[in-house]
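Structure first, commentary second.
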Amino acid sequence: MKKLAIYFSDPEPMGYPFNSKYPYWEIYQGIIKDIEAQGHSVYVVRGNSYLGKGVFSHGWRVIDDRMAPVAEPITVDLIFNRDDKNTIPAIYDCPIINHPDLDRLCVDKVETAKFFPELSPKTKAINSYQEYLGAIKEWGFGPEEKIVLKKNFLSGGRGIYIRPIKEIAESLYDDWKDILVQEFVDNSIGIPEIIEGLHDIRVVTINGEPVYTFVRVPPAGSFLANVSQGGTEIPLSLSKLPNNLLKLVEEVNKKLSHYRPSMFASDFVNSKNGFKLVELNSRPAVCIPSLSSETKNYIDKIVQLLVKELS
């Protein structure tokens, strides 16, 4: 019997994601139950609790639909990182999914673009409004062209602006530190036989195998497809993925194959120049397994990954 730690940022036992309106609490209970049915023990660990060498100062077991506290130190064999605020330290002294170097590459959108320059829009790190002006001049963009600005280490569509260059003023951000400026990719072309108009498409892979995919569509008047920003998520069968997109997903995973075991998502948009990689997500969310055969397969694959690495 081995021990798995599932790590979350919020230090409270029933803090995020368990307190979300989305039924994460029920989903994770199911995942934990399935893993423990294979003879392993699962602990929920949170916040600033890692002591090193696979040891956490405290945690919880899920017993009878409740969080039962474990006050003494817990030594685990594997960590499943579900961090949402980048609070987990870079852990090299215990097996972890994902490896901290892969996790950092996914979190840092500038590094992602540098690592995949042939797949990504033009991207540049800036730390001031003057550096932004310099990037626009360097690229030769005109005032009518749209540009993308992002807070580099935020997720969920927070800190993102997509506007014509002429509308970008220094007052847009209180602090221009850790901003990235990015070429706007016009994805209004949609994806043939899948979606019309503005979109992005996510492909989640486990050890290089596509296991789940969906399309997101922004609300009217917006370019941001994130569900947290009002976007709509549309489930999609893996069999519907275009071959040219699958080749790019394979290319991404091939370049990152030395980080396995791994589970991450690649987000793309389609354009007149083909698909472009927007970003990587090292901690793609779980979903309700009972929604469809696709969501059940996704959750089953997560359980299989964790059980295999514990065996």
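The values are calculated or read from the model by the stated rules, or taken from the named source; none is laboratory data. What you are looking at is a predicted structure, and each value in this text was computed from that prediction instead of being measured. No Cβ is skipped: glycine too gets one built from the backbone with ideal geometry, and neighbour counts run over all protein chains shown. Remember, those area values only see protein heavy atoms, side chains included, never the ligands or the DNA or RNA. Shrake-Rupley method; radii C 1.70, N 1.55, O 1.52, S 1.80 Å.
Values for this structure:
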{"item": "Sequence of Met1, Met263, Met14, Met67 from largest to smallest accessible area, 1.4 Å probe", "result": "Met1, Met14, Met67, Met263"}
{"item": "Net charge dipole size for segment 126-257 [Lys, Arg +1 and Asp, Glu -1 on Cβ; Debye, nearest 20]", "result": "260"}
{"item": "Surface per residue (accessible, 1.4 Å probe) for the chain, Å²", "result": "48"}
{"item": "Sites Glu167 and Ser271 - FRET efficiency at Förster radius 30 Å, r taken between beta-carbons, to 0.05", "result": "0.85"}
{"item": "Simple label model, 7 Å out from Cα along Cβ direction - Ile189 to Ser257, nm", "result": "2.9"}
{"item": "Where N is the number of residues in the chain, Cα Rg divided by 2.2 N^0.38 Å", "result": "1.04"}
{"item": "R0 of 22 Å, Cβ-Cβ distance Glu118-Asn243: FRET efficiency to nearest 0.05", "result": "0.75"}
{"item": "Set of aspartates and glutamates with alpha-carbon distance to Lys146 below 14 Å, sequence-local pairs under 8 removed", "result": "Glu167, Glu183, Asp186"}
{"item": "Value of relative contact order over segment 7-66, rounded to a whole percent, pairs C-alpha under 8 Å and six or more apart", "result": "35"}
{"item": "Gap separating the Cα centres of segment 173-216 and segment 136-158, nearest whole Å", "result": "15"}
{"item": "Top positive-direction residue, dipole computed over segment 6-127 with Cβ charges, set Asn127, Val107, Val45", "result": "Asn127"}
{"item": "Cα-based shape type of segment 1-120, given that a ≥ b ≥ c are square roots of the gyration tensor eigenvalues and the cut on a/c is 1.5", "result": "prolate"}
{"item": "Carbon + sulfur, % of accessible area of the chain - ligands and nucleic acids excluded, 1.4 Å", "result": "50"}
{"item": "Filter on Lys114/Lys240; Lys2/Lys254; Lys137/Lys177; Lys109/Lys308; Lys21/Lys124; Lys85/Lys150 - keep pairs with C-alpha separation over 27 Å", "result": "Lys114/Lys240; Lys2/Lys254; Lys109/Lys308; Lys21/Lys124"}
{"item": "Prolate/oblate/rounded call for segment 202-311, Cα gyration tensor, a/c under 1.5 rounded", "result": "oblate"}
{"item": "Probe 1.4 Å - accessible area at Arg163, Å² to nearest ten", "result": "80"}
